[in-house]
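Below is one structure, written out as structure tokens, with a few remarks after it.
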Amino acid sequence: MPGTIELPLLPEEAITLGPRLAVIETPEELVFMNASGPLMNCSRNDATAKRYIGAVLLTQGLAKGDDLAAVLGIHRSTLFRNQKLYREGGLEAIRDGRGQGAPRRAHKLTDEVLPIAQACLDQGRSQSAAAREVGVSETAIRHAIKTGRLRRSQRPRQSRAALSPGERAERDAAQAQGAGTAVKRIEERLLACQGELTEAAPHFEPVEGVANAGVLLALPAVIGEGLLRSAERFYAPLKAGFYGLHSILLCLVMMAMLRIKSIERLSAHQPGELGILLGLDRVPEVKTLRRKLNELGSQQQAARLAAALTEQWSQGEPDELGVLYVDGHVNAYTGRKHALPKTFVQKRRQCLPASTDVWVHNGAAEPLFFVTSPINGHLLALLEQEVIPQARQQIGPEKTLTLVFDREAWSPKSFEQWHAQGIEVITYRKGKQTPWDPEDFRPFSVERDGKSVTYWLAERSVRVIPANRKRPAFWMREIRRLCKNGHQTAILTTRQDLSAEQIADHMFARWRQENFFKYMQAEFNLDHLSTYATEPADPERLVPNPERRALEKSRKAKKAQLGRTHVQHAKQQRDGASPAKQAKAIEAIERLEKECDQLTARINDMEKRVPLNSIQDADKIVHHEGERKTITQLIKIVAYRSESCLASMVEPFFARHDDEVRAFLKAVFRLPGDIIPDYERNELRVRLYGLANNRSQQALIALCECLNAQQMKYPNTNLRLVYEAIQSH
């Protein structure tokens, strides 16, 4: 070999690997040659000969490692590993490739397994299906195809070619002149019009590049939340039509997941593409969806549906029911046709027509239920009348119930009564308090969401005096937190079994509920009203007497005027004003005092509260309709809880999971993908396109594996959902 000379002439088919080496490639073999002619040759499938040739030629310095590895079809690292074995042990060391450091033989895709995998590919099945059949990863199948150990099938994978987005757009547009945009299931729609079809069954065709296909990842979680199953229990089938109960509810949930924040915004999306996700030709039009929602509201089953969902969520998370977070949330009414009761809307800093919802979250800050007060009742009254009975029903009478709320529901009298009934409270203390000595505070550390938080706390037992002062003082625990700016936050509780740091942690964790409202408003448009309709309210309910309030306002003005007159008279006496001026001031004082006394007498003769129908026409006594509002709110709660379920599966992939996980899921829901049904194997394969970075892609792959393990079926079908994230080869 050292005596070889540079190549003077080469055949046309030869490839130069260096100044003294060339190779001729044929389908069956490789022939290496120099100026004197062929040096050595080997079959393309002879692994031992390729190891030997590569090691010898590389050792002789006749070619570079990258070029030689490419010709032999092996990795560069494998080539240099074989060279090392050749130098250390000669040809015997690399004869079977089992020397120390030598490439190992396949231990999964063995000679016995390869025919099975090849048979799957020959049947037109996917690479992932072949991988599941032989129990290896899809990466192993791809590598075997790349190295020639397996070959791709020449048969089409589906009996029908998958439609591309452009082909679907053309087909949807072609239908617009006849039955409507994207309408294709004409016969079923005609049957629905004749009243012979109650609901069109989902049917899927092979399609490619479906927009928002990633939202199908949320289906197992939505099914697990029990919305569809509970709705079947309480709602009768909708009127005969193409869209039934399941398709309407799934459409609303997917709209929430995709942040389509109102029914009207549905018209800005391609109906055919969204219809594919439902297994239909298109989603319902805006007017159809409104009509179906109105039909659901007419059945008056929203309260029973909400109770059933709350019961299921409570049974699924029994350990989180010991502590419940309670807070009010105001929904402004922007309709102009009806006059609704007003209340103060914090985000607008003014009083507006509105209704108040009281939300209850469990210890993990997941929503359980909400109670609507159409007359904007006080939080304390709603706690006693609605929240406590429902909460006690869910957790049972024998367990301790602890309510965490802000100072809006401050009432020592109620705290004492609840404590006697086994209901504990944790709340902020109302009113100004004398600061404690800073030396009384000690540091306490608690774990919150995997992070250590330090509170400077002090504790005392205090006597809380009721406002009416007719009842004896009630003893409670007061725990104060010293902030960095010197402010002291006072917390009162009736719990005696928890440590000070546990009480503080429960109280300050209430901000998760506030964050829930902000997130729901930003992402799911929580305050959006699905309808401006109203319904009759209780005409006999007591409201403040408007005549009495007007007289009280007049008396207040008279007293203010009386005070100013007293000041004027005193100034006249000090300055020595004339007797006439002083007499005039005295006369005005006597007159104003008499008028105030008369107003006080009239006020005392009036009732403080009167029936509403005594001051307003009965036909105008209305409040915002609750049925459709409750249904849409429940849809948003199910979407949020489903998103939380998915977030728990991928949290380990994100260091700042509080900030990143939900943003990741939001991006995943919008991913395009292929939807490929396999009716022979009863599978519905969802192949999602890749994400922007490797970490997110690995999280998506792990999420698909977790959901595949659940083997959930698409609603109203026998097709098992199989998720797949497309990876680079």
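Multiply the residue gap between Arg460 and Cys193 by 0.36 nm, knock off their C-alpha separation, and tell me the result in nm, one decimal place.
Between Arg460 and Cys193, full extension yields 88.9 nm more.
To the nearest 20 debye, what charge dipole does segment 517-676 have about its Cα centre, counting +1 at the Cβ of each Lys and Arg and -1 at the Cβ of each Asp and Glu?
1120
Once the other residues with Cβ under 13 Å from the Cβ of Lys571 are scored (Lys, Arg +1; Asp, Glu -1), what is the net sum?
+2
For a label point 7 angstrom out from the Cα of Ala655 toward its Cβ, which stretches of segment 439-460 have the backbone nitrogen within less than 19 Å?
In segment 439-460, the label zone of Ala655 (backbone N under 19 Å from the point 7 Å along Cα→Cβ) covers 448-453.
Distance in nm between label sites at Lys146 and Ala339, each 7 Å beyond Cα in the beta-carbon direction?
If labels sit at Lys146 and Ala339, their model points lie 7.6 nm apart.
Which FRET efficiency, nearest 0.05, do Asn604 and Ser648 yield, Cβ-Cβ r, R0 56 Å?
0.35
Among the GluC sites (Glu not before Pro) in segment 531-585, which ones are in a DSSP loop with at most 14 other Cβ atoms within 10 Å of the Cβ? Mind listing them?
Glu540
What's the angle, to the nearest 10 degrees (0 to 90), between helix 302-316's Cα axis and the longest principal axis of the chain?
60
Between Phe517, Trp475, Leu85, whose Cα lies farthest towards the positive end of the dipole of the chain when Lys and Arg beta carbons carry +1 and Asp and Glu beta carbons carry -1, centred on the Cα centre?
My answer, from the dipole projection, is Trp475.
Nearest 10 degrees, 0 to 90: what angle lies between the long axis of helix 627-650 and the longest principal axis of the chain (Cα atoms)?
40
Nearest 10 degrees, 0 to 90: what angle lies between the long axis of helix 286-298 and the longest principal axis of the chain (Cα atoms)?
Between helix and principal axis, roughly 50 degrees.
Tell me, what is the FRET efficiency for Ile586 and Lys620 to the nearest 0.05, using R0 = 51 angstrom and their Cβ-Cβ distance as r?
Calculated transfer efficiency: 0.55.
Just grab the label-to-label distance for Thr16 and Arg695, each label 7 Å out from Cα along the Cβ direction, in nm (one decimal).
4.8
Relative to the Cα centre, what is the charge dipole magnitude of segment 430-511, using +1 at the beta carbon of each Lys and Arg, -1 at the beta carbon of each Asp and Glu, and rounding to the nearest 20 debye?
580
Give the span of the chain's Cα atoms along each principal axis, as three whole-Å numbers ordered largest to smallest.
142, 78, 59
Considering the dipole of segment 26-78 built from charges on the beta carbon (Lys and Arg +1, Asp and Glu -1) around the Cα centre, which of His75, Met33, Ala49 is farthest to its positive end?
Selected residue: His75.
Excluding same-chain residues fewer than 8 positions from Lys594, which lysines have a Cα within less than 22 Å of its Cα?
Within the straight-line cut-off, Lys594 pairs with Lys553, Lys556, Lys558, Lys559, Lys581, Lys584.
What ranking do His487, His506 get, fewest neighbouring Cβ atoms within 10 angstrom at the top?
Taking fewest neighbouring Cβ atoms as first place, the list is His487, His506.
To the nearest 20 Debye, how big is the dipole of the chain about its Cα centre, given +1 on the beta carbon of each Lys and Arg and -1 on that of each Asp and Glu?
Dipole magnitude for the chain comes out near 2600 debye.
Beta carbons within 10 angstrom, averaged per residue: use that to sort the peptides 497-503, 53-59, highest first.
So the peptides 497-503, 53-59, ranked by packing, come out 53-59, 497-503.
Quick check on the chain: helices-only [θ] at 222 nm, where DSSP H runs of length 4 and up contribute -39,500 (n - 2.57) each and the sum goes over total residues. Nearest 500, please. Could the numbers behind the result be given before it?
Numbers: 24 runs with 298 residues, N = 729.
Here the helix-only value at 222 nm equals -13000 deg cm²/dmol.
Taking the Cα-to-Cβ direction at Ser267 and at Ala364 and moving 7 Å from each Cα, how far apart do the two end points lie in nm?
4.1
Compare the Cα positions of Pro412, Ala458, Pro435 along the charge dipole of segment 412-461 (+1 at Cβ of Lys, Arg; -1 at Cβ of Asp, Glu; about the Cα centre) and return the one farthest towards the positive end.
Pro412
Please give every one of the lysines within straight-line cross-link reach of Lys84, meaning a C-alpha to C-alpha distance under 27 Å, and leave out same-chain neighbours fewer than 8 residues apart.
Within reach: Lys50, Lys64, Lys108, Lys146.
Going by how many other Cβ atoms sit within 10 Å of their own, how do Asp674, Asp111 line up, fewest first? Working shown, then result.
Values: Asp674 18, Asp111 9.
Neighbour counts put them in this order, fewest first: Asp111, Asp674.
Taking each pair of different alpha-carbon atoms in segment 498-598 once, compute 1/r for the pair, average those values, and report the inverse of that mean as the Kirkwood hydrodynamic radius in Å to one decimal.
Numbers: mean 1/r = 0.0490 Å⁻¹.
Radius from the Kirkwood sum: 20.4 Å.
What is the gain in length, in nm to one decimal, between Val543 and Ser452 on full extension, counting 0.36 nm per residue of separation less the C-alpha to C-alpha distance?
Here the answer is 27.8 nm.
Can you give the FRET efficiency for Glu680 and Leu91, using 1/(1 + (r/R0)^6), R0 = 45 Å, r = Cβ-Cβ distance, to the nearest 0.05?
0.30
Can you put Met257, Met40 in order of Cβ neighbours within 10 angstrom, beginning with the fewest?
The fewest-first ordering by Cβ neighbours comes to Met40, Met257.
Per-residue counts of other Cβ atoms within 10 Å, averaged by peptide: what ranking do you get for 11-18, 193-200, 320-327, highest first?
Sorting 11-18, 193-200, 320-327 by mean packing, highest first, produces 320-327, 193-200, 11-18.
Would you mind giving the average projected area, over all directions, of the Cα convex hull of segment 546-606 in nm² with one decimal?
The Cα convex hull of segment 546-606, projected and averaged over all directions, gives 3.8 nm².
Apply the Karplus parameterisation 6.51 cos²θ - 1.76 cosθ + 1.60, with θ equal to phi minus 60°, to every residue of segment 491-508 and state each ³J(HN,Hα) to the nearest whole Hz, in sequence, with x for glycine and proline.
Listing the rounded values in order: 10, 10, 8, 9, 6, 9, 9, 9, 6, 4, 5, 5, 4, 5, 5, 4, 5, 6 Hz.
When we measure straight from the Cα of Lys484, which lysines land under 21 angstrom away, once same-chain ones fewer than 8 places off are left out?
Output for Lys484: Lys432, Lys451.
No value in this document is a laboratory result; all are computed from the given coordinates. Here the structure is a predicted model, which is why all the values come from computation and not from measurement. Positions of Cβ are backbone-derived with ideal geometry, glycine not excepted, and every protein chain shown enters the neighbour counts.
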